[in-house]
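Heads up: the structure comes next, in structure tokens.
The values are calculated or read from the model by the stated rules, or taken from the named source; none is laboratory data. Computed from a prediction, not measured in an experiment: that's the story for all the values here. A quick note on method: Cβ atoms are made from the backbone with ideal geometry, for glycine too, and the neighbour counts reach across all protein chains shown. Side chains are part of the model used for accessible areas, which takes the heavy atoms of the whole protein and leaves out ligands, DNA and RNA. Shrake-Rupley method; radii C 1.70, N 1.55, O 1.52, S 1.80 Å.
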Amino acid sequence: MPDVAADGLRVLFCGINPGLMTAATGHHFARPGNRFWPALHRSGFTPRLLKPAEQEELLSHGLGITNVVARATARADELSAEEYREGGRLLALKVARLRPRWLAVLGVTAYRTAFDDRGAKVGPQTRTIGDTRVWVLPNPSGLNAHWTPAALAEEFARLREAAEG
């Protein structure tokens with residue numbers, strides 16, 4: 001699954017791994033129940049609701065998308081701890097090369113495993129990768145019922161405000 005990325009982005013969003021629909025279409029967060037695109041719009045990152053097929057438009061807003069683990073699965077719980085840790089190592093190298101202002105990892109459990117930070121919570125982290133700050137966002141999957149669409153958009157908006165400052 002190719003990244004949507006460029007040097008010096010405001011925010012590089014990082015999903016856990018591609019779902020099967022994402023892998024089949026080549027578009028990030030392609031599953032209809034995924035709340036990434038609505039949260040991005042409701043939080044003010046994009047002026048309109050983008051469709052997954054319009055993902056390249058993110059670059060014009062200083063935004064990009066990558067994943068912790070490249071392997072596509074039906075569910076993130078199919079990934080091993082080793083895959084997460086290796087993905088975290090490779091992600092850190094990518095971030096060091098691309099130098100976004102913020103890396104936003106979409107999923108606290110994925111972040112904890114990939115970066116061996118068991119105490120991490122949603123929000124800004126003390127960890128940096130070079131000059132890149134790190135923010136953990138909730139997983140936007142429709143399976144993550146703990147976060148309502150409104151609460152998800154609110155957390156995305158907190159990151160947007162930090163990224164604008």
(request) Sum -39500 (n - 2.57) across every DSSP H segment of at least 4 residues in the chain, then divide by the residue count to get the 222 nm mean residue ellipticity, nearest 500. (result) -10000 deg cm²/dmol
(request) Once you have the Cα-Cα distance between Glu161 and Ala23, take 0.36 nm times their residue separation minus that, and quote the gain in nm to one decimal. (result) 46.6 nm
(message) Using alpha carbons only, how many angstrom separate the centre of the range 97-146 from the centre of the range 61-90?
(response) 12 Å
(message) Could you give the length gained by full extension between Leu90 and Arg75, i.e. 0.36 nm per residue of separation minus their alpha carbon distance, to one decimal place?
(response) 3.3 nm
(request) For the range 11-164, with all protein chains present and a 1.4 Å probe, just round the carbon and sulfur fraction of the accessible area to a whole percent. (result) 53 percent
(request) At a temperature of 10 °C and a viscosity of 1.306 mPa s, determine how fast the chain diffuses translationally according to Stokes-Einstein, using the Kirkwood radius over alpha-carbon pairs as Rh; express D in µm²/s, rounded to the nearest whole number. (result) 103 µm²/s
(request) Rank by packing, highest mean first: peptides 86-97, 140-151, with packing defined as the count of other Cβ atoms within 10 Å averaged across residues. (result) 86-97, 140-151
